[in-house]
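Visitor: Submitted below is the structure of interest, expressed as structure tokens.
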Amino acid sequence: MKLEFTTTACNRPGVLEMTYRSYTSRLKNIDFSNSTLYINVDPAPNSNNILYIKTIAEKYFGTVICNFPKEPNFAAAVLWCFNQVKEDMFFHLEDDWILMRDVDINKMVKSLGKNNIQCILNKSSKYMSRKEAGEPALMPSLFSKKYVDKYVALMNNSKNPEAQMKYIFRKNTDELRKHRSVLFGSRCEYSKDIGRQWLRKNGLRREYEKTSNSNSKRKWSPWVTWVRGR
């Protein structure tokens with residue numbers, strides 16, 4: 001089948017290349033040459049040669065539609081991507097994952113069904129706690145557009161988008177809570193995060209806003225700042 005894909009990316013071509021090479025080789029029964037990718041590329045850690053990201057994407061997808069914002073904002077990136085989708089289903093794939101084993105997209109479609117919001121290629125068998133079971137997440141997933149649209153209508157570009165989706169799921173109407181996230185297949189590792197490894201290798205970390213309570217968790221900053229550090 002042909003399929004629409006969405007990616008939120010930073011300007012790190014090597015990581016993106018690993019991600020797309022992995023998923024296009026192991027995600028089976030997709031005609032990638034006739035599939036469309038919507039990719040938002042934030043200028044972080046810088047904007048040097050940022051257009052090269054599109055060149056990489058075009059190696060793996062037949063149609064590539066890019067957005068290059070002037071400033072990085074993860075929430076805005078997710079909303080831009082989700083608003084581009086035209087078809088009933090799409091695959092959301094951030095730029096820093098690799099697929100650990102072969103997956104048949106037809107089996108994901110079957111798992112998604114008619115009433116679930118997404119089918120997740122989970123990163124480990126312990127990924128979802130009881131509290132999180134069924135909640136939306138921005139891991140590599142096949143999404144149902146009609147249910148994602150209900151979340152997008154309630155989201156903004158100033159807070160962590162995944163946290164917003166979880167909050168909406170927990171606090172909103174019973175109608176939304178009926179459409180749950182499901183894990184694909186057996187509870188083994190399908191997706192591996194390579195983003196943190198890249199940060200450590202390059203001596204970078206994401207900067208968070210300071211909170212008034214030093215004992216509280218750091219507040220997520222919507223404007224992603226990349227700084228040197230441990």
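The values are calculated or read from the model by the stated rules, or taken from the named source; none is laboratory data. Please read these numbers as outputs of a predicted model, since none were measured by experiment. FYI the Cβ positions are ideal-geometry reconstructions off the backbone, even for glycines, and counts take in every protein chain you see.
Visitor: Would you be able to tell me the number of residues in the range 67-104 that are of a type in the set (A, V, I, L, M) and over 23 Å from residue 15 (Cα atoms)?
Guide: Quick first cut of the range 67-104, residues of a type in the set (A, V, I, L, M) only: 75-79, 85, 89, 93, 98-100, 103.
Applying the additional criterion that residues be over 23 Å from residue 15 (Cα atoms) yields 85, 89.
Going through the range 67-104 one residue at a time, the tally reaches 2.
Visitor: Further question: Can you name every residue in the range 177-202 that is of a type in the set (Val, Ile, Thr) and at pLDDT 90 or above? Before you say what the answer is, go through the steps one by one.
Guide: Let us first name the residues in the range 177-202 that are of a type in the set (Val, Ile, Thr), namely 182, 194.
Of everything in the range 177-202, just one residue is of a type in the set (Val, Ile, Thr) and at pLDDT 90 or above, namely 182.
Visitor: Does residue 183 satisfy being surrounded by 15 or more Cβ atoms within 10 Å (Cβ to Cβ) and in contact (Cβ under 8 Å) with a residue 60 or more places away in the chain? Spell out how you get there, then give the answer.
Guide: Details: surrounded by 15 or more Cβ atoms within 10 Å (Cβ to Cβ): yes; in contact (Cβ under 8 Å) with a residue 60 or more places away in the chain: yes.
Answer is yes for this residue.
Visitor: Take the residues in the range 10-53 that are surrounded by fewer than 16 Cβ atoms within 10 Å (Cβ to Cβ) and of a type in the set (Lys, Arg), then tell me which one is farthest from residue 106 (Cα to Cα).
Guide: That would be 21.
Visitor: Can you find even one residue in the range 71-89 that is modelled with pLDDT under 95, surrounded by fewer than 20 Cβ atoms within 10 Å (Cβ to Cβ), over 25 Å from residue 137 (Cβ atoms) and not β-branched (Val, Ile, Thr)?
Guide: yes
Visitor: Taking the range 96-116, which residues are closer than 18 Å to residue 189 by Cα and surrounded by 19 or more Cβ atoms within 10 Å (Cβ to Cβ)?
Guide: Residues of the range 96-116 that are closer than 18 Å to residue 189 by Cα, as a first pass: 96-105, 107-108, 111.
If the condition is that a residue be closer than 18 Å to residue 189 by Cα and surrounded by 19 or more Cβ atoms within 10 Å (Cβ to Cβ), then 96, 97, 99, 103, 108 are the ones that fit.
Visitor: For the range 17-40, indicate whether the set of residues that are outside any loop (DSSP other than H, G, I, E, B), at pLDDT below 95 and within 14 Å of the chain's Cα centre (by Cα) is non-empty. Please lay out each step first, then the result.
Guide: From the range 17-40, those outside any loop (DSSP other than H, G, I, E, B) are 17-28, 32-34, 36-40; that's our starting set.
Filter again for at pLDDT below 95, leaving none.
No - not one qualifying residue is present in the range 17-40.
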